[in-house]
Amino acid sequence: MHADQDVVTQDHHEELTLKKYFNNIWVAVRSLIKGLKITSKYIYSEPTVSIEYPEVREVLPENSRSRLFNDAENCISCLQCATACPVDCIYISANKRDKEAPKIKTKDGTPIRLDLTQYTIDTALCCYCGLCTTVCPTQCLTHTTDYEYATYTLGQMKFDYLDPEIRRWRDRIVK
Ligand code: SF4
Ligand code: SF4
């Protein structure tokens, strides 16, 4: 115990000679050069990982789960999406089709027996789990790759899929 204390005391009071002074400077410069060498190796050899958004936009993979789109003309109002949704953010209303009305089908041949009167998704609540798209029997409900739909109010995040504006958005985003 006393011996250790002696060593510390001796180191602390070690005389700083001119040789040791320049040696300390050399050790510091050498460490700095070593660190810079490692840093510059990564700066120049690694690919760029950031982009200058919004001038440059990343193209998301086709299976990205971003903003939802319901191709309402192919929706049979079966409610399966709303039932599967864990946060209850899909609001659907439909009326029974008139018996005299022309028989219509979805593009995959499923008869449409109900007239859809409301199909709204509150994307402020949506957690993008994808369950609603998985259960949709006519595959009219899909995720798009659109991630730029920030709004100023929560109310603006409710999207009405019977609104013609939605179709224009879809035509612009979904290629
Ligand atoms: S992605 Fe998930 S949370 Fe969003 S609407 Fe579909 S089921 Fe609901
Ligand atoms: S599951 Fe598909 S077909 Fe059924 S109500 Fe939802 S979007 Fe329409």
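The values are calculated or read from the model by the stated rules, or taken from the named source; none is laboratory data. Because the structure is predicted, anything quoted here is derived from the model rather than measured. Here Cβ is always computed from backbone atoms with ideal geometry, including for glycine, and neighbour counts include all displayed protein chains.
General observations
- Meets criteria (closer than 30 Å to Arg57 by Cα, in a strand (DSSP E or B) and within 15 Å of ligand 2 (Cβ to nearest atom)) for Thr133: no
- Neighbours by Cβ (under 6 Å, 6+ apart or cross-chain): first from the stretch 56-85, farther than 21 Å from Tyr147 by Cβ; second assigned to a loop (DSSP other than H, G, I, E, B) and aromatic (Phe, Trp, Tyr): Ala72/Tyr161
- The set of residues from the stretch 106-130 being within 12 Å of ligand 1 (Cβ to nearest atom) and part of a loop (DSSP other than H, G, I, E, B) comprises Thr123, Ala124, Leu125, Cys126, Cys127, Tyr128, Cys129, Gly130.
- The condition (being surrounded by 10 or more Cβ atoms within 10 Å (Cβ to Cβ), among the aliphatic types (A, V, I, L, M), more than 12 Å from ligand 1 (Cβ to nearest atom) and more than 22 Å from the chain's Cα centre (by Cα)) is satisfied by just one residue among Ile76, Ile43, Ile51: Ile76.
Yes/no matrix, rows are residues, columns are (1) modelled with pLDDT under 95; (2) under 13 Å from Ala72 (Cβ atoms):
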| site | (1), (2) |
| --- | --- |
| Ala84 | no, no |
| Ile92 | no, yes |
| Ala101 | yes, no |
| Lys105 | no, no |
| Tyr119 | no, yes |
| Cys127 | no, no |
| Thr134 | no, no |
| Thr144 | yes, no |
| Tyr147 | yes, no |
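- Pairs, first under 18 Å from Arg170 (Cβ atoms) and more than 9 Å from ligand 2 (Cβ to nearest atom) in the stretch 137-154, second assigned to a loop (DSSP other than H, G, I, E, B) and of a type in the set (D, E, K, R), C-beta under 6 Å, six or more apart: His143/Arg65; Thr144/Arg67; Asp146/Arg67; Tyr149/Arg67
- Identity of the residue in the stretch 155-166, assigned to a helix (DSSP H, G or I) and under 20 Å from Ser64 (Cα atoms), that ends up nearest to ligand 2 (Cβ to nearest atom): Ile166
- Among the residues of the stretch 126-146, the ones that are over 18 Å from Tyr91 (Cα atoms) and surrounded by fewer than 13 Cβ atoms within 10 Å (Cβ to Cβ) come to 0 in all.
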